[in-house]
Amino acid sequence: MNNQEALLSALDEVALVSITDAQGIIIFVNDKFVETSHFSRQELIGHNHRILKSGDQPDILFEDLWKTISGGRVWRGDIANRTKDGSLYWADTSVVPIQGPDGKPEQYVAVRFLITDKKESREQIVEQHREFERTKSALVNALENVEQEKERIRLQSIETKKFALAVEGASEHIVITDPNGIIIYANHAAELITGFSKDEIIGTKAGTLWGGLMGKEFYQRLWETIAVRKETFQGEIRNKRKSGAEYTVSTNISPVMDEKQHIMFFVVLERDITREKEVDKAKTEFVSLASHQLRTPLSAINWYAEMLLEGDAGTLTEQQKSYLQEIYHGNQRMVELVNALLDVSRIEMGTFSVRPELTDIVALAQSEIAELQPQIDAKKLTCVADFQQGLPQLNVDPELIRIIIENILTNAVKYTPNRGTITLALHLDDERRNLVLTVSDTGYGIPQDEQAKIFTKLFRANNVREMEPEGTGLGLYIVQSILDHTGGSIRFESEENKGTTFYITCPVSGMKEKDGTVKLGHVAH
Amino acid sequence: MDIAASGSSRQHAILIVEDDDSLVKALREKFIGEGFQVYEARNGKEGLEQALSKHPDLILLDVVMARMDGLSMLQVLREDSWGKTAKVIMLTNLSDGDKIAESLQRGVLEYLVKSDWRIEDVVTRVRQRLNE
């Protein structure tokens, strides 16, 4: 074999060779070409190269190809062709124009090396690369989300820590129990106040370590409130520290429930008020002692004046009698003032008791009228009683009601000139929710510009001050305070020189029982 | 202190336990004038001694006193076989609910606030209680 033949032979082994004329008609194809394209020689020779076009590549590629080779230059590129049965093959293609005698290409020789595999794997690589980029992107997003979530959790945990620190550091005893009352958490203050350590406290049933002083019913009532009625319990409890010392707390126990209203746990807040109670007790004792000290000399003056006026130390002249009466009178007013001040201090300290019992208020009103009968007769006043039929007895503290009626009625008598009229009425309001006591008179009235002040302590309106009526000026203050503390109300209408009407209401539901160290019990008017 | 009264048949004897001189004098003179025999004591300790030795028909007992107050004296008095049923009227200027309740628990007949009571009404009450 000569060199030319060797060359052709080698080319046949490795490349697809085709030769077209200047118009692109195939005039020669080698065996490999036939093998690869699956066309027969007859189907190829004499046909335009276009029959192998894949349709996948843009026209501009072929325009460029033709421009290049028709200009006499070699073109090289990757071309995709289709076999007879439609499958695609890629070839690294070089097209060489062969010049004719006129200098223009008269033939084109195309030498192609198959790169389908390479092409595929290159495309695979590109695709894989794209896939990789997408995955990377998704991962980066995911990471960002994780970071955000971490930050959120971090912030939340700071918030929670804040609460935990707040609870732990609070000055109130705070304890959390499970639904059965077993303690699962106790804060530092609980340790300080009860004297027991957290280790000793946690796991015990609330109250077993420091409670037990209040009586069985108290604890039953407590449990019923929080566990059965599922309401907050508020009250004062006496406890005992680890040392044995007793102390008083103001307690607030709340059930915490889930959406189905099942109790998840109880939160117990206790404020040590032992000191406050001691201070209150000291104040009460001081007031008590002070009034006691004031009353002793007042009693002495009273009694000696009385004995003198009785003639125990001899007969008095009229003048002596009259002066003595002035002394006696003045002293009486001081006694009343001390009594009223004592009541006022009890009201201010909230230490007066309210002991409701079924009370016939009509009977109370009637007895008050009877008590004032001497003054009513002396001033020739007409007293009209107007009591609604069938009024119910109310669950109220009779002494407090008595004080109210006595004060208002006495004022009416005092501030009405001779031959005037006083009316006392008792009836239920329209909604039958309140009992209304109406006391009206045809007396001096309260001047418009003083009406705002009549409930203040020791107040006397200008128009009656000159009359120098007796009394303390504390009556209305005491009446209003009693009503404020027991759910009632007071208001009035008044016109100077025409008269005054007071409206006092007391709820039909009655007064709530209130513990206190003392009863209000003195007449003040 | 022991003061004899002006003579009359079957007098009632009362014991006044009170630390204020002025008030003791007023009560003493009033009751003697009304025909009573009057014993006096200035504090609970003396009062106890007087009560247990003289067995008065009725005791007027103050509450606030030095060296054993009225309620403490009452408590000890009630432990005595005679003292258990002795007639006692608290005559005081305390209007403390607690003290009132405590004394009523120990069986006093009355709890009178001095400044609210006319002295002759005190005498009347004493007479009423003695005749019961």
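If you go through region A:335-352 and keep only what is in a helix (DSSP H, G or I), more than 9 Å from chain B (Cβ to nearest Cβ) and out of contact with any Phe, Trp or Tyr (no Cβ under 6 Å at 6 or more places or on another chain), you end up with A:336, A:337, A:340, A:341, A:343, A:344, A:345, A:347, A:348. Looking at region A:39-47, is at least one residue within 29 Å of residue A:102 (Cα to Cα) and in contact with a His (Cβ under 7 Å, 6 or more places away or on another chain)? No, every residue in region A:39-47 fails to be within 29 Å of residue A:102 (Cα to Cα) and in contact with a His (Cβ under 7 Å, 6 or more places away or on another chain). Residue check: residue A:295 meets all listed conditions (1) among the charged types (D, E, K, R); (2) under 28 Å from residue A:168 (Cβ atoms); (3) surrounded by 13 or more Cβ atoms within 10 Å (Cβ to Cβ) but one, namely (2).
So, in region B:106-126, of the ones that are outside any helix (DSSP H, G or I) and not charged (D, E, K, R), which residue ends up modelled with the highest pLDDT? Per the criteria, the residue is B:117. Of the helices (runs of 4 or more DSSP H) lying entirely inside region A:181-284, the ones with 1 or more residues being among the hydroxyl-bearing types (Ser, Thr, Tyr) are found at A:188-194, A:216-223. Do we have any residue at all in region A:9-16 that's polar (S, T, N, Q), surrounded by 13 or more Cβ atoms within 10 Å (Cβ to Cβ) and over 15 Å from residue A:109 (Cα atoms)? No, region A:9-16 has no match at all.
Hey, among the residues in region B:56-74 that are surrounded by 14 or more Cβ atoms within 10 Å (Cβ to Cβ) and without any contact (Cβ under 8 Å) to a residue 40 or more places away in the chain, which one's farthest from residue B:109 (Cα to Cα)?
So the residue we want is B:68.
Filter region B:104-132 for residues that are touching a helix residue (DSSP H, G or I) at 6+ places or on another chain (Cβ under 6 Å) and away from chain A (no Cβ under 14 Å); which is farthest from residue B:15 (Cα to Cα)? Among those that are touching a helix residue (DSSP H, G or I) at 6+ places or on another chain (Cβ under 6 Å) and away from chain A (no Cβ under 14 Å), it is B:106.
Within the set A:295, A:271, the sole residue that is touching a strand residue (DSSP E or B) at 6+ places or on another chain (Cβ under 8 Å) and within 8 Å of another protein chain (Cβ to nearest Cβ) turns out to be A:295.
Table: residues versus (1) closer than 30 Å to residue A:351 by Cβ; (2) within 14 Å of chain A (Cβ to nearest Cβ).
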{"site": "B:11", "(1), (2)": "no, no"}
{"site": "B:16", "(1), (2)": "no, yes"}
{"site": "B:26", "(1), (2)": "no, yes"}
{"site": "B:30", "(1), (2)": "no, yes"}
{"site": "B:38", "(1), (2)": "no, no"}
{"site": "B:44", "(1), (2)": "yes, no"}
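The requirement of being in contact with an Asp or Glu (Cβ under 6 Å, 6 or more places away or on another chain) and over 17 Å from residue A:20 (Cβ atoms) is satisfied by residue A:113. So for region A:302-314 (the condition being more than 9 Å from every other protein chain (Cβ to nearest Cβ), buried (at least 17 other Cβ atoms within 10 Å of the Cβ), out of contact with any Leu (no Cβ under 7 Å at 6 or more places or on another chain) and polar (S, T, N, Q)), does at least one residue qualify? Scanning region A:302-314 turns up no residue that is more than 9 Å from every other protein chain (Cβ to nearest Cβ), buried (at least 17 other Cβ atoms within 10 Å of the Cβ), out of contact with any Leu (no Cβ under 7 Å at 6 or more places or on another chain) and polar (S, T, N, Q). Condition check for residue B:100 on (1) among the hydrophobic types (A, V, I, L, M, F, W, C); (2) within 14 Å of chain A (Cβ to nearest Cβ); (3) surrounded by fewer than 18 Cβ atoms within 10 Å (Cβ to Cβ); (4) more than 21 Å from residue B:26 (Cβ to Cβ): one failure, at (3). Among the residues examined, residue A:277 does not qualify as closer than 30 Å to residue A:190 by Cα, within 12 Å of chain B (Cβ to nearest Cβ) and under 37 Å from the mean Cα position of the chain (by Cα).
Out of region A:441-460, which residues are small (Gly, Ala, Ser) and either surrounded by fewer than 16 Cβ atoms within 10 Å (Cβ to Cβ) or over 15 Å from residue A:496 (Cβ atoms) (or both)?
A:452
So which residues in region A:267-293 are touching a His at 6+ places or on another chain (Cβ under 9 Å) and either over 30 Å from residue A:231 (Cβ atoms) or free of Cβ contacts under 8 Å to residues at least 12 places away in the same chain (or both), if there are any at all? Correct list: empty.
The values are calculated or read from the model by the stated rules, or taken from the named source; none is laboratory data. Model, not experiment: these values are computed from the prediction. FYI the Cβ positions are ideal-geometry reconstructions off the backbone, even for glycines, and counts take in every protein chain you see.
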